[in-house]
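To start, the structure under review is shown below, and the notes come after it.
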Amino acid sequence: MDDRFFVHREEYPITAGDFSAAGDASARIKYVLRKLGIDSALVRRAAIAAYESEINMVIHSAGGTLTLTVDRDTIRLLARDRGPGIPDIDLAMQEGYSTATEAIRELGFGAGMGLPNMRRCSDRFTIRSSPGGTVIDMEFTIGKESG
């Protein structure tokens, strides 16, 4: 990546229940990061985290936004949704735990790996949730390719 200072920011709207567009924002994020010259291992980690947050918003929320910000040192993904919130974050962070309906599972989603994968892929992960919405903030350190 070029050493000059820059900031790149894009915001992607995520529509609840729109499985036909699910993955579009994370594909765009992957494209942007590659175009900026970010290391491919770091691009992969950020793209996985973006996809997991995007799918969670499609499945569990009333919609939201996924924002990408890149500066010289950091990639930041900020997922904000409108929805019921997560009543027990510790439980939701356990691999395999899911509140997805049977219909969602039949579509191939809802395995309960979204939040754990986001945390595993990012260098810094915070989550806040309450009735009305959830905010997930993930940072990836440029130059730190393994998570």
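Of the helices (runs of 4 or more DSSP H) contained entirely in the range 59-147, those carrying at least 2 residues that are over 21 Å from V7 (Cβ atoms) and in contact (Cβ under 8 Å) with a residue 24 or more places away in the chain fall at 114-121. Restricting the range 53-102 to residues that are among the hydroxyl-bearing types (S, T, Y) and closer than 22 Å to S20 by Cα leaves a set whose member that is nearest to the chain's Cα centre (by Cα) is S53. Considering the range 88-121, and only residues there that are of a type in the set (A, V, I, L, M) and farther than 19 Å from S26 by Cβ, the residue that is modelled with the lowest pLDDT turns out to be A103. Just one residue in the set A16, A62, A100, A50 is closer than 21 Å to S122 by Cβ and surrounded by 14 or more Cβ atoms within 10 Å (Cβ to Cβ); that residue is A50. Residues that are polar (S, T, N, Q), assigned to a loop (DSSP other than H, G, I, E, B) and either touching a helix residue (DSSP H, G or I) at 6+ places or on another chain (Cβ under 8 Å) or at pLDDT 95 or above (or both) are absent from the range 27-50.
The values are calculated or read from the model by the stated rules, or taken from the named source; none is laboratory data. Keep in mind the model is a prediction, meaning the values are calculated, not measured. With ideal geometry, Cβ positions are generated from the backbone for all residues, glycine too; neighbour counts draw on all protein chains shown.
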